[in-house]
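A short write-up of the structure that comes next.
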Amino acid sequence: MNWINISVSIGLALFTVTFAFENMMPVHLSFLNFKSDEMPLFLPVVMSFLLGFASGLLALSFSRRKHKKEIKYLRKENALLNQEVENLRNIPLQDDL
């Protein structure tokens, strides 16, 4: 699994560098009366990708925290139920004969 992570990381890095070299033409950005200086085209594209990636990680961390809390609760409940089953197994059987 480790070599897959390394190869995907290298592939993404090569793609990003190639994208940057192919998109060096200058652009001006304007948004809500804010105008930027001239910058290469790849900068706003890469910055928006990184902003979206960071937002996704933040959303994922909240979801993961909720699931970890649920797992902790379910493990505690499982331990209690296992203890109850063990207690019931240790009760001697009584026959009414």
* Go through (1) aliphatic (A, V, I, L, M); (2) out of contact with any helix residue (DSSP H, G or I) (no Cβ under 8 Å at 6 or more places or on another chain); (3) assigned to a helix (DSSP H, G or I) and name the single condition residue 46 misses. => (2)
* Asked: Scanning segment 1-40 for residues that are among the β-branched types (Val, Ile, Thr) and in contact (Cβ under 8 Å) with a residue 12 or more places away in the chain, which turns out most open to solvent (accessible area, probe 1.4 Å)?
  -> 16
* To do: Answer with yes or no whether residue 77 is assigned to a helix (DSSP H, G or I), among the acidic types (Asp, Glu) and surrounded by 10 or more Cβ atoms within 10 Å (Cβ to Cβ).
  => yes
* **Test for residue 86: is it loosely packed, with under 10 Cβ neighbours inside 10 Å and either part of a helix (DSSP H, G or I) or modelled with pLDDT of 90 or more (or both)** => yes
* Return the pairs, sorted by first residue and then second, in which the second residue is outside any helix (DSSP H, G or I) and surrounded by 10 or more Cβ atoms within 10 Å (Cβ to Cβ), the first residue lies in segment 44-59 and is among the aliphatic types (A, V, I, L, M), the beta carbons are less than 9 Å apart, and the residues are 6+ apart or on different chains. => 45/23
* Can you confirm whether segment 43-51 contains a residue that is at pLDDT 90 or above and not acidic (Asp, Glu)? => yes
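The values are calculated or read from the model by the stated rules, or taken from the named source; none is laboratory data. Fair warning: this is a prediction, and the values are worked out from it, not measured in the lab. Every residue, glycine as well, gets a Cβ built from its backbone with ideal geometry; the counts of neighbours run over all protein chains shown. Accessible surface areas use protein heavy atoms only, side chains included; no ligands, DNA or RNA. Shrake-Rupley method; radii C 1.70, N 1.55, O 1.52, S 1.80 Å.
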